[in-house]
Amino acid sequence: MIAQISGTLAHKIPGEVIVDVGGVGYQIFIPLNVFYQLPEIGASVRLQIYTHVRDDALQLFGFSDFAEKQVFLLLIGVSLVADGLGLHIPKGYIYFAMGFSVFVEMINLRVRRRVAPVQLRDPHRP
């Protein structure tokens, strides 16, 4: 299982990046908050990875830190436990929760842009 990837950022679009590690490009799906934290293409990058294995695909999901990855795993775990107990949680609830979190993050980004940056005093002036 792939748990972390460090390499050169080769390509980025909202929701997806390609990280070059030793000449191999890994396609990694990412949330929007990670996309806005990424450096420019060609810079070094490190992502925490969740490897999702299906019958027809191997997918990598990237997160900026371990806490984000744990929240994602918790969300997946709730769905799996409920299915195991015979409880039916409509997927719409899970999609709504994910969409709501993206909405809140977009509001946070807008609010951060409106706040005036901190002005540091010049060390050469008394």
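Could you count how many residues in the range 1-50 are in a strand (DSSP E or B) and within 23 Å of Gln70 (Cα to Cα)? Lay out the reasoning, then the answer.
Within the range 1-50, the subset in a strand (DSSP E or B) is 4-13, 16-21, 24-29, 44-50.
Narrowing further to those that are within 23 Å of Gln70 (Cα to Cα): 4-7, 16-19, 26-29, 45-50.
The qualifying residues number 18.
Return yes when Glu105 is modelled with pLDDT of 80 or more and either in a helix (DSSP H, G or I) or more than 20 Å from the chain's Cα centre (by Cα) (or both) and no when it is not. Please lay out each step first, then the result.
Values: modelled with pLDDT of 80 or more: no; either in a helix (DSSP H, G or I) or more than 20 Å from the chain's Cα centre (by Cα) (or both): yes.
When the stated conditions are applied, Glu105 does not pass them.
I'd like the residue in the range 54-74 that is part of a helix (DSSP H, G or I) and either modelled with pLDDT under 75 or aromatic (Phe, Trp, Tyr) (or both) and, out of all such residues, is surrounded by the fewest Cβ atoms within 10 Å (Cβ to Cβ). Explain how you work it out, then say what you get.
Going residue by residue through the range 54-74, those that are part of a helix (DSSP H, G or I) are 66-74.
Going one step further and asking which of them are either modelled with pLDDT under 75 or aromatic (Phe, Trp, Tyr) (or both), we end up with 66, 72.
Numbers: Phe66: 10, Phe72: 16.
If we take residues in the range 54-74 being part of a helix (DSSP H, G or I) and either modelled with pLDDT under 75 or aromatic (Phe, Trp, Tyr) (or both), then Phe66 is surrounded by the fewest Cβ atoms within 10 Å (Cβ to Cβ).
Rundown of residues vs (1) at pLDDT 75 or above; (2) more than 16 Å from Ile5 (Cβ to Cβ), yes/no style:
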position	(1), (2)
Val34	yes, no
Ala43	yes, no
Leu80	no, yes
Met98	no, yes
Ser101	yes, yes
Arg112	no, yes
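Filter the range 11-49 for residues that are surrounded by fewer than 16 Cβ atoms within 10 Å (Cβ to Cβ) and touching an Asp or Glu at 6+ places or on another chain (Cβ under 8 Å) and give the result.
If the condition is that a residue be surrounded by fewer than 16 Cβ atoms within 10 Å (Cβ to Cβ) and touching an Asp or Glu at 6+ places or on another chain (Cβ under 8 Å), then Gln27, Phe29, Leu32 are the ones that fit.
The values are calculated or read from the model by the stated rules, or taken from the named source; none is laboratory data. Just so it is clear, the structure is predicted and the values come from calculations on it, not from any experiment. When we count neighbours, we look across all protein chains shown, and the Cβ atoms used for this are built from the backbone with ideal geometry, even at glycine.
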